[in-house]
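One structure is given below, encoded as structure tokens.
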Amino acid sequence: MESPEPIDPLTAAHEATALWHRQQAASQQDCAARTWHSDQAEHWTAVADRRREIAERAARRRRDGTELGRLAEDMVFEVLEASQIKEVLSLGATSRRLRTLTTADRLWAPRVATELSFGSSLAASTVASLASFGCDPRRLCLQFLPWQRAWPPAEFRSTHGDGEVFAWRPRDEVPASLRLPFAQEWVFCEIYERDNSGNYNAFASKVVRLADCGPWANNPRTLIVPLDLDTAGHHNQEPWYEVRVFALVSGVVVPICDTDAMDGELGERYVYLNSRPPVSDRADIHEMILQLKVGFNTTEDHQPHTYEFNSLHIALREYENDSDSESVEDPARARYEAHYVVDGLRRFLSSDAISAQRTAFFVKDYRRSDSDYVDGNWKRPKPWADAVLSPEPGTGGIMLKFKDDVESESPLFTRRFVETDTVGALFKYVEAEFQYGPDNGFGLVCGSLGSTRGIAADAVPSSLATPLKDAGVHGLYDGQVVTVVPDNSD
């Protein structure tokens, strides 16, 4: 007869607290106090139940480990081979013998083909290459765990960018015990298809040494990953090709992309990654915009049907967003963008690839404690979001005439503004009044009829912080249309 599990003192304390609150609720005359005590009793009961559930699960694991430890080694391996990785790890923590068995290469080597693949299994040549590059199978499988796609997807996706790509973002860095410090660095690519019903089918894969990748002759800032994969029978026409790409750099598996979650069409995709530090640590730069662009080169027959996936193109661009320039062209001024594109991408992968991914890519993000954390340039508030738009004055101020389409004969919209309001307030007004994002500017009609004024020619593009009283008409004739464009928008 098994002895009962000992009672956890903390669980007993939570239960006692819940009981006390229930007693207090029963004795309270005040409705608000009674409600508060009832809520507290419910909360502490739930906490105690949760701790009891965890303790019971741990006890079951210990019992399972004890029973499994009595079996012959071959039988133990049969059970472990049929178990999921999380179950294997849990059983390995129950005894020294199971710890030894659950870390054996015999258990992990066959899993490389299935744990790394988005489909049923990787190609045998891909698995052989990973082994030849010096990858320990257990460490490799465990490092890939966070980067497994949630399967099946939470919902069918009809457009790119909807839904999660990765299982979770790790809270901490990869520990030394799981790193692959002696393995050759590589880039792993798996090609798959997704039809309009949300069904996925991975059909080709390859791993290439990072040292065998190099700059593209047509654009030395783009990295070429040579693949030359046979894709006969998969025509790249409804469904289109998608790729999942990872790299091993400095002993750590890091994500490069999953094109199914990126913008763009057909053979070219792009995504704006996290532009906050540590992507840029230069105090003199207002903001850095990091863009990852991925494309692929294929060969088609006369149909045209694709029958060969030749290469993958990866370009990392770092753009400076300040008042002086829109993009960084000097590689010395950017952290990753360099003429030596392999080195630039390698530096990004080894230091920031994990932290730069969007929170929206993950089913669970353990690194972001702030649920409102803004990832990527695409989610940032507009630069005029904090501009103050004063109520329209009845008289005086500055009268402006707007055109919703500069080229058309559409009617004008007139409004008075307070002189101390900034140009940013105009963008805020246009966005709210006309229901469109004025990122590319908007039209104003200049003139001196009545009290109408326009924006100065030397203020186009106009600084969002310029007060309207300082953005007057200079040399513009009545009725002339100017386009006001923000000089520091995203």
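The values are calculated or read from the model by the stated rules, or taken from the named source; none is laboratory data. These numbers were taken from a predicted model, which means no experiment stands behind them. FYI the Cβ positions are ideal-geometry reconstructions off the backbone, even for glycines, and counts take in every protein chain you see. Remember, those area values only see protein heavy atoms, side chains included, never the ligands or the DNA or RNA. Shrake-Rupley method; radii C 1.70, N 1.55, O 1.52, S 1.80 Å.
Key figures for this structure:
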quantity: Unit Cα scatterers, Debye sum, the range 98-247: log10 I(q)/I(0) for q = 0.13, 0.15, 0.20 Å⁻¹; calculated: -0.70, -0.92, -1.41
quantity: Extension gain (nm, one decimal) between Asp343 and Asn218, 0.36 nm per residue minus Cα-Cα; calculated: 43.2 nm
quantity: List Arg51, Arg244, ordered by accessible area with a 1.4 Å probe, largest first; calculated: Arg51, Arg244
quantity: Estimated vicinal HN-Hα couplings, Hz - the range 118-131 in sequence order (Karplus 6.51, -1.76, 1.60; Gly, Pro = x); calculated: 7, x, 7, 6, 6, 5, 4, 5, 5, 4, 5, 5, 4, 5
quantity: Exposure ranking of Cys31, Cys257 by accessible area [1.4 Å probe, largest first]; calculated: Cys31, Cys257
quantity: Modelled FRET efficiency - R0 45 Å, Trp36 with Val363, Cβ distances, 0.05 increments; calculated: 0.80
quantity: R0 of 25 Å, Cβ-Cβ distance Ala82-Ala232: FRET efficiency to nearest 0.05; calculated: 0.15
quantity: Distance between modelled label sites at Arg99 and Asp301, nm, 7 Å Cα→Cβ extension; calculated: 5.8
